[in-house]
Amino acid sequence: MFAYYLQLGLRSLRRNPALTALMVIAIGFGVAASMTTYAVFRAVSGDPIPDKSAQLFKPQIDNWGHQHGRTSDEPPNAMDYTDAMALMRAHKAEKQTVSFPIGPSLIPADSSAMPINVVGFATYADFFSMFEVPFKYGGAWPASDDAQHASTVVINAKLNQRLFGGSNSVGKSINLEGHDYRIAGVTDNWNPQPRFYDVVNGGGFSTPPQIYIPFSRAIDLQMQTFGNNSCNGPGGRGDSFADYLRSDCVWLSYWAQLPTAAAVASYRSYLQAYAADQQRAGRFHWAPNIRLRNVMQWLDYQKVVPPETQVSLLLSLGFLVVCLVNTIGLLLAKFMRRAPEIGIRRALGASRREIYAQFLAEAAMVGVAGGLLGLLLTALGVLGVGLVFESQIARLARVDPALIGLTLLVAIVATVIAALYPTWRASRVQPAWQLKSN
Amino acid sequence: MQISPILSALRHHKAGTALIAMQIALTLAIVCNTLFIIQQRVAHLSRPSGIDEAHLLRIQNQWVGQHGDYAPLLAADLATLRHVPGVVDAYATNSVPLSGGGWSTGLGLKPSQNGPTAMTAIYFADDHTLPTLGVKLVAGRNFRADEISDMPALSKPTPPFVIITRALASKLYPHGDALGKSVYVAPDKPSTIIGVVRRLQAPWTGNFAASFSDNSTLVPFRLITNGTNFVLRVRTGQMGNVMRTAPKALYAANRMRVIPDDDGVMPFSAIRAKAYASDRGMAILMAVICVMLLAITAAGIVGLTSFWVGQRRKQIGVRRALGATRGDILSYFLTENLLIGMGGVLLGIALAIGLNLWMVTRFEMQHLSLWYVLAGAVALLLLGQGAVFAPALRASRVPPVEATRSV
């Protein structure tokens, strides 16, 4: 029976090609507009590390208070050296790391080649296991390298390709700013987006890091952060690197891995106690003010999803609604025009339910056609996103099976919803009245 | 034209009427807000930076392998750059307008003031800065060469004197008498304002600096660190040449440096395009959505009116037979659409304002100007009239003889 309804629907749609085309186009465009912006939205608001985002926490400690005219009650979004080192020494989490972006120059072994600039992080060995960094060769440096301030380095596959032609370079050396570093590992492609572990620098969407070196070694070499540095006090950075490390300037990103709710609670009370200690010691002149956010809470707090993406998603949904209202009107026109036909079918014994099924089948066909057109337009739209949005964001938006399925589903469901009222009207047609007027 | 027969006819098509009105209302609400967002973006991205962008080029440079004293390297590189053919002038600085990264600080009027009087961007400058950027002094004087001193990367800036923008001057001294007065860049030592420039934008274009985007302070320092930005003023028509020859000249003078491949050498036109890429993208996306929405709405009106015309051929025939002219039929459908349109527009105005108020609270947007709503309303009424014209014309061509035919 359903196949017969589809056949009837096809014949009816062919009878008014203009009206049918209009409906298909309306649905196609509506679906494509909302799906294209959804693809962008999904790319920028997704969970960058789904299996661990609930275990990775970002502690914040208020080391500024309301001094020097500061009014915010939120602690700074990065940490100063004093607090970061105190937390590292306390070692209260299962795993912990503190890092800052670096941008040293790499001096090639071949003295005729030009130096190149590389970007990456000074961090601790736990970084790699906490953030699930995959390795192609070797692995993270051992924790003893952190303690011994070793000159060891992890490089990414792309840099390894450029320097060593992609061969296993573990144990070889590279020269950064005139110092030799032994390669401990080569990471495979790794660039979770948004870049949750360092959203403060570069807004959360950046190119992949090329090198990682031990934090303790970077501090020995007085490396400056390649990212943001904020100072609240009048002293600023101070006059020397030692002053800088003692200052209240914040520039470090701290992460702790806390696998259970109990671990989170005990870490929170540790932070509270730490801040209270600082207050008692006279370093903080205010009550403990700490935060402990997991990955998704942190991304949300840092407003990583650009507001314009949210606004455009919203407007595209509005666009889809207008297209649906449009489709309701057109379907109503189309179905009511066939009142005589419905009257005859009803008089010949078709039940209201059967009329309902017939017209919904017809509407679903419009939905399928609209979905296919919408799919085509979505593909074009996602291509067009590259022209419109920043390339770092546009690169993330792509058509995959999930998006294809969702596009078709939205088109069909939306059309069937739009058809509910016109179909109901069609099923209410009075057979006697239709037969009489003819 | 009699309105009451139209209204009574519409009463028989409640659903269709309501749907057209609703579509017009939603379209109006979305289009008004979209146009408003476009206008805000365009206003944002066309804000002047105050510098002569067409003639300016930035080179990012990092010296490698030499530790300690960068002052002679800086002086040598500047001398090299100023001798490149096509270069008018050059200076070195920490940051430039539109670059997105730089140094901000609070300024006070009293020593160790609690809370700043104004926020400002800090630009490191020398006697070549104003002529290179093409920034005009409105009061006071430029720095002299002998007034520029070296500042290592980590020290506190305590400039003896500064040049500030007019926007900042009027924030600090609202009576327009900033020249010669003091301002505290460092908390304990005052700096004398020796010059006021017309306009110089801060490096940031995002929300971070929205409240102080035109507040800039030039300090008479050379930043002595391993990385610097060279800003070059280039003769008209020489930009392409200088972009090739200037880095070559730098490498020829001293090979131990890095000039990044992708954005190391950038004319200000490219820096501007990069700074406002997302604003421009948003405006284009919104404009596309707007146009498609209007097209879909117009198509919907054409579709539904065509259906009504087809349905009423007999009535139209009767009216024509009873003496109605073609003009009467045409104006009947136009008036009908106008009535529906006005209903939709009234609802749409309420929706547009409601949507805007919600977005104001949710996305910190600004309040919609009523002119947008009114302009949008008129535009949609005209769109409706345009869309209905073709079906109405077809209706007016229905011959009176239709009255005698059975359906």
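For the stretch B:169-322, give the magnitude of the charge dipole about the Cα centre (Cβ charges: +1 Lys/Arg, -1 Asp/Glu; no others), in debye to the nearest 20.
820
The calculated pair-distance distribution of the stretch A:59-122 uses every alpha carbon pair, bins of 5 angstrom beginning at 0, and gives 3, 13, 15, 15, 12, 12, 10, 8, 6, 4, 2 percent. Just so you know, the averaged projected area of the alpha carbon convex hull for the stretch B:90-190 sits at 6.9 nm². Summing Cβ point charges (Lys, Arg +1; Asp, Glu -1) relative to the Cα centre of the stretch B:9-69 gives a dipole of roughly 640 debye.
Normalised size of the stretch A:1-108, defined as Cα radius of gyration per 2.2 N^0.38 Å with N residues, equals 2.22.
So what's the back-of-envelope 222 nm ellipticity for the protein assembly as shown, counting only DSSP H runs of four-plus at -39500 (n - 2.57) apiece and dividing by all residues, rounded to 500?
-16500 deg cm²/dmol
The distance linking the stretch B:86-119 with the stretch B:307-330 is 74 Å (Cα centroid to Cα centroid, whole angstrom). Among the cysteines of chain A, A:Cys323 have no other cysteine beta carbon within less than 4.7 Å of their own. Extents of the stretch B:1-155, largest first, come to 90, 48, 38 Å (Cα atoms, principal axes, whole angstrom). At the listed q of 0.10 Å⁻¹, the Debye profile of the protein assembly as shown, built from one uniform point per Cα, gives log10 I(q)/I(0) equal to -1.12.
Other residues with beta-carbon under 10 Å from the beta-carbon of A:Glu354 carry, at +1 per Lys or Arg and -1 per Asp or Glu, a net charge of +4. Determine the shape class of the stretch B:233-310: with a ≥ b ≥ c the square roots of the Cα gyration tensor eigenvalues, call it rounded for a/c under 1.5, and otherwise prolate if a/b is greater than b/c, oblate otherwise. It comes out prolate by the Cα gyration axes. Beyond 35 Å, what percent of the Cα pairs of chain B remain? Tail fraction, whole percent: 51. Between the amide H of B:Ala125 and those of B:Val219, B:Phe221, distances stay under 5 Å, these residues lying 5 or more places away or on another chain, with hydrogens modeled in the peptide plane. Placing +1 on each Lys and Arg Cβ and -1 on each Asp and Glu Cβ, with no other charges, gives the protein assembly as shown a dipole about its Cα centre of roughly 4280 debye. Using C-alpha pairs below 8 Å separated by at least 6 residues, the relative contact order for the stretch B:66-255 is 34 percent. Peptides B:103-112, A:147-156, A:316-325, A:9-18 ranked from most to least packed, by the mean per-residue count of other Cβ atoms within 10 Å: A:316-325, A:147-156, B:103-112, A:9-18. The calculated Kirkwood hydrodynamic radius for the stretch B:143-216 is 13.5 Å, given to one decimal from all distinct C-alpha pairs. For the stretch A:316-366, the alpha-carbon coordinates run over 45, 17, 14 Å along the three principal axes, in decreasing order.
Using the alpha carbons alone, the radius of gyration of the stretch A:42-185 stands to its Kirkwood radius in an Rg to Rh ratio of 1.03. The residue list A:Gln297, A:Gly138, A:His91 was ranked by how far each Cα lies along the charge dipole of the protein assembly as shown toward its positive end, using unit charges on Cβ atoms, and A:Gln297 comes out on top.
Taking a straight Cα-Cα cut-off under 14 Å and skipping sequence neighbours fewer than 8 places away in the same chain, the aspartates and glutamates within cross-link reach of B:Lys314 are B:Glu402. Among A:Gly329, A:Gly282, A:Gly367, the largest mean-square fluctuation in a Gaussian network model of chain A (Cα springs under 10 Å) belongs to A:Gly282.
When the charge dipole of chain A is built from unit charges on Cβ atoms (+1 for Lys and Arg, -1 for Asp and Glu) and taken about the Cα centre, the candidate among A:Pro259, A:Asn229, A:Ala242 whose Cα reaches farthest toward its positive end is A:Pro259. Applying both filters, DSSP loop and at most 10 other Cβ atoms within 10 Å, to the chymotrypsin sites (Phe, Trp or Tyr not before Pro) of the stretch A:222-261 eliminates every site. Lysine pairs in the stretch A:63-257 whose alpha-carbon atoms fall under 26 angstrom of each other, counting only those eight or more residues apart or on distinct chains, come to 4.
Enter the mean number of other protein chain beta carbons within 10 Å of the beta carbon of each residue in B:18-27, as an integer.
5
Spatial offset of the stretch A:329-362 relative to the stretch A:290-322 amounts to 44 Å, using the alpha carbon center of each. Close Lys pairs in the stretch B:66-255, defined as Cα atoms under 15 Å apart and 8 or more places apart or on different chains, number 6. Mean-square fluctuations from a GNM of chain A, with a 10 angstrom spring cutoff on Cα atoms, peak among A:Gln272, A:Gln302, A:Gln67 at A:Gln67. Length, then width, then depth: along the principal axes, the Cα atoms of the stretch B:239-390 run 97, 37, 21 Å.
Taking the convex hull of the alpha carbon atoms in chain A, what volume per residue do you get, in Å³? If you can, show how the numbers build up before the last one.
Numbers: hull volume 90.5 nm³, N = 438.
It is 207 Å³ per residue.
For the stretch B:185-253, the fraction of C-alpha pairs farther apart than 20 angstrom is 59 percent. For the peptide B:354-366, the mean number of other protein chain Cβ atoms found within 10 angstrom of a residue's Cβ is 2. Volume per residue for the stretch B:66-255 equals 124 cubic angstrom (convex hull of Cα atoms).
Farthest toward the dipole's positive end in the protein assembly as shown, which of A:Val399, B:Ala9, B:Pro97, given Cβ charges of +1 (Lys, Arg) and -1 (Asp, Glu) about the Cα centre? Ranked along the dipole, the leading option is B:Ala9. Set against the 2.2 N^0.38 Å expectation for a compact globular protein, the stretch B:41-131 has a Cα radius of gyration ratio of 1.39. DSSP assigns beta bridges within chain B; of those with both partners inside it, close to 70 percent run antiparallel.
Bear in mind that the values in this text are calculations on the coordinates, not laboratory data. Fair warning: this is a prediction, and the values are worked out from it, not measured in the lab. Positions of Cβ are backbone-derived with ideal geometry, glycine not excepted, and every protein chain shown enters the neighbour counts.
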